[in-house]
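Below you'll find the structure, written out as structure tokens, and then a few comments.
What follows draws every value from the coordinates through simple rules; no lab data is involved. Given the structure is predicted, the values throughout are model-derived calculations rather than measurements. Here Cβ is always computed from backbone atoms with ideal geometry, including for glycine, and neighbour counts include all displayed protein chains.
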Amino acid sequence: MPAMSATAEALPRDDPDGYVDDVVRRSGTSFFWAMRLLPGDKRRAMFAIYAFCREVDDIADEGGDAESKRHRLERWRTEIADLFDGRPGHSVTRALAGPARAFGLARQDLEAIIDGMIMDAADRVRIADMAELELYCDRVACAVGRLCNRLFGLDDATGIELAQNLGQALQLTNILRDLDEDAERDRLYLPLSLLEDSDVAVHGGTAFILTQPGVDTVCRRIAALACQRFEEAEQLLSRCDRNQVRPAIVMKEVYRRILGRLVDRGWRTRGARVSVPRWQKLWIALRHGIF
């Protein structure tokens, strides 16, 4: 079992919901209010899903060797198995137990997220081609979307298609936004095959690779794919009951703005991290979450 945080140790063992609430609040996620839009049982389920993602993501991002992080992530796979065997031990999986039963959360989606974090936990991240990039997006984003869409009450066909399109759009935007931040950990999510097609030398550290002119061409190609996925997700959302999918709409609106700003700036000269101001996120949450 991964080591418990100081906060987890301070919370009563019989208060898993309190633990996941604290994880969400301490994370400072900009989507706190989007999650708060959900009714009580769905909100608690969303907080539990988010807390699980936060726990495994923190393992992948923290210092330490890849083998140690992989071992800790595999312990989470055991914890997920225990959850579906009816004997969860960690506060997060205990908080997930009720939602897993009530909403039919899929074990394979939770395990896919762990697989994605194992990819992130490597000493050096390199993505060979578009097929591997799509696999990575499926694990770290689309799988989360499939879990969330179970909470929203979408039918399986719509939920899976929406998760694929919106998940890819969000994750590709993250990749394009976080190039320099990821480079500090020698992580590169732009497919090597696309970089080589644009005459980018892919040998060496990520920071060196990103200095080459062809990177802008590759980023614009990935941005075009993200735009396409946003459009497909918007079409799917327009056919859903708006009250069911308000959090998804809020996330789409925020990330679409981030992508637009990235495209306007380009990737030849990267400066401060592109973001949406807090006031604008609040406006989006009010505009699409309430009205």
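Things worth noting here:
- 3J(HN,Hα) along the stretch 155-161: 5, 4, 4, 5, x, 5, 5 Hz, from the Karplus curve 6.51 cos²θ - 1.76 cosθ + 1.60 with θ = phi - 60°, whole Hz, x for Gly and Pro.
- Values of log10 I(q)/I(0), in the order q = 0.25, 0.33, 0.34 Å⁻¹, for the stretch 31-77 under a Debye, Cα-only, solvent-free model: -0.82, -1.15, -1.19
- Exposure proxy order (Cβ contacts within 10 Å, fewest to most) of Thr269, Thr78, Thr93, Thr206: Thr269, Thr78, Thr206, Thr93
- Residues His203, His71, His90, sorted so that the one with the fewest Cβ neighbours within 10 Å comes first: His203, His71, His90
- Cα-based convex hull, the stretch 124-291, per residue volume (Å³, whole number): 110 Å³
- For Val125, residues with placed amide H under 5 Å, excluding near neighbours: Arg187, Leu188
- Relative contact order for the chain, counting Cα pairs under 8 Å that sit 6 or more residues apart, in percent: 17 percent
- In the chain, the inverse of the mean reciprocal separation of distinct Cα atoms equals 19.8 Å; this is its Kirkwood hydrodynamic radius.
- Rel. contact order, % - alpha carbon contacts under 8 angstrom, at least six apart, the stretch 160-270: 36 percent
- Environment charge of Ala45, counting only residues whose C-beta is closer than 12 Å and scoring Lys/Arg +1, Asp/Glu -1: +3
- Stokes-Einstein D for the stretch 126-178, Kirkwood Rh over Cα pairs, 25 °C, 0.890 mPa s (µm²/s): 218 µm²/s
- Charges were assigned to the Cβ only: +1 to each Lys and Arg, -1 to each Asp and Glu. The resulting dipole of the chain about its Cα centre is roughly 1200 debye.
- Least to most buried among Asp180, Asp138 (fewest other Cβ within 10 Å first): Asp180, Asp138
- Kirkwood hydrodynamic radius (C-alpha pairs) into Stokes-Einstein, the stretch 197-280, 25 °C and 0.890 mPa s, D in µm²/s: 164 µm²/s
- Per-residue packing, averaged as other Cβ atoms within 10 Å, sorts the ranges 159-170, 209-220 into the order 159-170, 209-220, beginning with the highest.
- Candidates per GluC sites (Glu not before Pro) in the stretch 23-100, loop by DSSP, up to 15 other Cβ within 10 Å: Glu62
- Computed from phi, the 3J(HN,Hα) profile of the stretch 142-150 under the Karplus parametrisation 6.51, -1.76, 1.60 (θ = phi - 60°) reads 5, 4, 5, x, 5, 5, 5, 5, 5 Hz, with x in place of Gly and Pro.
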